Structures are given as structure tokens and as C-alpha cells.
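So the structure is just underneath, and the comments pick up after that.
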Amino acid sequence: MKGYTAALLLHMLLRSPTLALADIPTFTAQGSDTYLGAPSPGLTVDSNDVHIDDSNGLDVTFGTDWSKKIRDTVDANCVDGQSDQCKQQLQQTLGLGSTPKGLNPRMIGVLVVLGGIALSYIIAEIIRLSLDDAKKYEVVHIQLPKAQTDELSSWNVTEGRFNFDPVNGDPFEVEMNFNPGSKPPSNSDSPLSAAKQDNGDIVLTAGSLAAVIDEQFSQALCSRGLGSRALVKRLSLQCMVNRLERLRRAVQEGGAAFAIQYVDPFDFPPPVDDLYQTLFKETSDFADHVTLRANTTAEIRDRIDTYTAIITFAEGAWGLGWTDGKMTIPAAHWKKQQGEDDEECPTEIK
């Protein structure tokens, strides 16, 4: 009877919203040798940048200058890694919280918005709890197994917190400082728009954000199609799906391309192309799950979805690109159907 009573009490504790760590997601850490190590041979990263590869789990490699800042922060503030100052300074160095630049916007491109931010904080905790090992390397390189990133993709962290269960010590709660802006961004040198010209051409304007869009596309996984035309067409579609989902993740609050949320209204029908319609339909469920700014209406969400789909299709199917932050889609492209000779996705990302 005592065993039953104890089991019942334990069950009640775990079910209690005030007492149970299990009520929010938990990241169960492995040993530091799982996460820390040298980067891939031949990988080049700009000194103040970070390279992120999520093709198989997650590989995060900081440039040499950024790595030095991390080590200097650890040396100056993290004697034992436990102080609040250590946590705060390390998060600041990594660019977490509401910082407009840093790790957060890059991670949002990996998972839907809150999962990506949680990844940023997990990386900070891995470094903080592995201080001695982290300082061994000139370049800070963190890798997470695919099983853990897959688990993170299903997390519900809308409350802005999760549990971190270290190898040594008790689990603790991590609060994510995320305060997305509600004002239009100022990081684009011209308004984002899509406008139909008198001759029927469609002109997309993204300004300096065009480079950010292309960066998202370059990080999407694509395979070159060899074989039947049907196979090439299918691989081309899958590539565009991957690119569009990548871009829409970056459009989320705090993401590198979040300015697209403020694209000007436009009023013209989408391309009649069947392949475009298939692309839009295959990504509609994903689009419904991205996190946009508060009070986003269905009309604005549809505008964002359409703008990102048009950009993706124009580059992937028609091979168009940006010139001085603008892309012109000829009226002839807009009105015709794609034939069976569709080109494969032009970029192969390995």
C-alpha cells in the first residue's frame, strides 16, 4: 500500500503545473564531447560571422573573431559558469534576446521561430556548462545530433521557457528573452513591394533584403535531377518547396528576413502556372505554422505567403534574379504554363 501511495504522490507532483518540470519541454544534455569539437576541414567562416549547417542535425561554427569574443567572455565572467553574470554576458556575446543581430535570427531559419530561439539558448548553455572544453578550440564549434534537433522541431515553447537537464547536476529552467519588434524594420533601403507595370511585367522590390533572400535559398537542400523529365520536374518542385519553407522561417518575428512581413499590398492574380499552384498548395500547411507579428490578419498572411512563393518560383522555375534589389518578371512568363522541359533546381546544396 505504501508503494502505491508513493507512486500516486509522485504522479500528482509530476502533473502539478506549479511543481513539475515536465510541464514544459526538456532538453536532456549529453556529454560535452557530443557537442564540442573541431569544425569540418576546409570550412571557411568570416571572422565575425557564424556558419550553420542543418542538413543532418545541427553544426554551428563561429568565425575566429566571434570565437575569441566568446572565449574572452568566458574568461572574464565565468569562473565556475554558475553566476547570473556569466549567463547574461555569454547570451549577450552570442546575440540572444531581442538583439537584432546575432545567433537568434540565424537559428530562426532552422526551426519555426520559438524552436529556433530555444536552439540559441541551448547552445549558450552547452558552452557555459563545458567551459574548460570550450576553451580548448580556437574556433567555437557546436554540433547537435539529428535526433535532438528533430525533437526540438516539435517543441511547444510558447511560454518562452524550457528545461535543461545537464549531465551533472539537477535540471533547471531556461527563460528566453524574446521581445519581437512591432514596428516596420529600417534595414531595407526601399519598401518591399510587388507591382504590375503597364506592359504587364511584374516588378518585385526587396532592396538590400534581396541578398538575405538569396542566402536563405543557398542554405536549402536541393538535389540535381538526372533521368526522366518527370523526375527532374519533381526534384525541381521539391527544391523550391525546401527553399520556400526556408525563406518563410526567416520571415518570422526576429528572423533575418522578417521585413517581408511589411510588404506593401498588391492586387494582381498569381501566375497561372500549374507548377506554381502545386508549390503554393504543398507549402500552405507549413505557412500556417510560422509565427508572424501580433494582430496579423488573414489578408496580410496571405500577402506574405504569396510574395515569398512568387520570389521562390521566379528564381527556381524561371531562373530570374535580382538587379539592384529588384526582380522583373516578364509578362510572358506570368501568363504561360511551364512545359515538360522545366529546368531542375539550379543550385545543388550538399
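Please return the ranges of helices (runs of 4 or more DSSP H) entirely within the stretch 55-150 where 2 or more residues are modelled with pLDDT under 85, touching a strand residue (DSSP E or B) at 6+ places or on another chain (Cβ under 7 Å) and farther than 23 Å from VAL251 by Cβ.
Working: elements: 64-77, 84-94, 103-108, 113-128, 131-134.
Qualifying helices (runs of 4 or more DSSP H): 131-134.
In the stretch 258-277, how many residues are in contact (Cβ under 8 Å) with a residue 24 or more places away in the chain, surrounded by fewer than 20 Cβ atoms within 10 Å (Cβ to Cβ) and either under 17 Å from HIS333 (Cα atoms) or touching a Gly at 6+ places or on another chain (Cβ under 9 Å) (or both)? Steps first, answer last, please.
Step one: list which residues in the stretch 258-277 are in contact (Cβ under 8 Å) with a residue 24 or more places away in the chain, which gives 258-266, 268, 270-276.
Among the residues that remain, those that are also surrounded by fewer than 20 Cβ atoms within 10 Å (Cβ to Cβ) are: 262, 264-266, 268, 270, 272-275.
Adding the requirement that they be either under 17 Å from HIS333 (Cα atoms) or touching a Gly at 6+ places or on another chain (Cβ under 9 Å) (or both) leaves 268, 270, 272-275.
Qualifying residue count, the stretch 258-277: 6.
Condition (residue is at pLDDT 85 or above, assigned by TED's automatic domain parsing to the domain that holds ILE123 and not in a loop (DSSP other than H, G, I, E, B)) applied to the stretch 14-27: is it met by at least one residue?
So far as the stretch 14-27 goes, yes, one or more of its residues are at pLDDT 85 or above, assigned by TED's automatic domain parsing to the domain that holds ILE123 and not in a loop (DSSP other than H, G, I, E, B).
The values are calculated or read from the model by the stated rules, or taken from the named source; none is laboratory data. What you see is a predicted model, and the numbers here were worked out from it, not measured in a lab. Note that each Cβ is placed from the backbone with ideal geometry, even for glycine, and that neighbours are counted across all protein chains shown.
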